[in-house]
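Here is the structure we will look at, set down as structure tokens.
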């Protein structure tokens, strides 16, 4: 029998398939999802929301926020300009301690 990659429980009839493998529940799906984002060193956290920069050469219709221009200042003083800002989600309360804000919107 297959097992959940997060908690090692046996998978029942209803399970989730992720890019990494299979998980047994919505809770394990969330643990895997936020764990992968936490491991990404390029994540941008603004006011509790988690963002990422997509490929600027992406076809316009696939760009985040419909290709709107954003100017972001990371707390390291790095300035990022993009027309392909992606949004992961609002960070759930149980993960907020691990995901501290690291940037702010300038435009």
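The values are calculated or read from the model by the stated rules, or taken from the named source; none is laboratory data. Only a predicted model underlies this, so the values are computations on that prediction, with no experimental measurement involved. Cβ placement follows ideal geometry from the backbone for every residue including glycine, while neighbour counts extend to all protein chains displayed.
Within segment 52-72, count every residue that is surrounded by 14 or more Cβ atoms within 10 Å (Cβ to Cβ), touching a strand residue (DSSP E or B) at 6+ places or on another chain (Cβ under 6 Å) and at negative phi.
Residues flagged as surrounded by 14 or more Cβ atoms within 10 Å (Cβ to Cβ), touching a strand residue (DSSP E or B) at 6+ places or on another chain (Cβ under 6 Å) and at negative phi within segment 52-72 amount to 6.
Enumerate the strands (runs of 3 or more DSSP E) found wholly within segment 1-86, keeping only those where 2 or more residues are in contact with a helix residue (DSSP H, G or I) (Cβ under 9 Å, 6 or more places away or on another chain).
It comes to 49-53.
What number of residues within segment 87-107 satisfy the criterion of being touching a residue at least 12 places away in the same chain (Cβ under 8 Å) and not in a loop (DSSP other than H, G, I, E, B)?
Residues that pass the stated criteria total 8.
State yes or no: is residue 67 closer than 26 Å to residue 106 by Cβ and under 20 Å from the mean Cα position of the chain (by Cα)?
The answer is yes for residue 67.
Can you pull out the residues in segment 2-21 that are at positive phi and loosely packed, with under 13 Cβ neighbours inside 10 Å?
Scanning segment 2-21 gives a single hit, 8.
Where the second residue is surrounded by fewer than 16 Cβ atoms within 10 Å (Cβ to Cβ) and not in a loop (DSSP other than H, G, I, E, B) and the first is assigned by TED's automatic domain parsing to the domain that holds residue 35 and lies in segment 4-16, which pairs have Cβ atoms under 7 Å and are six or more apart or on separate chains?
9/3; 10/3; 11/3
Only one of 35, 86 is surrounded by 11 or more Cβ atoms within 10 Å (Cβ to Cβ) and at pLDDT 95 or above; which?
Checking each option against the conditions leaves just 86.
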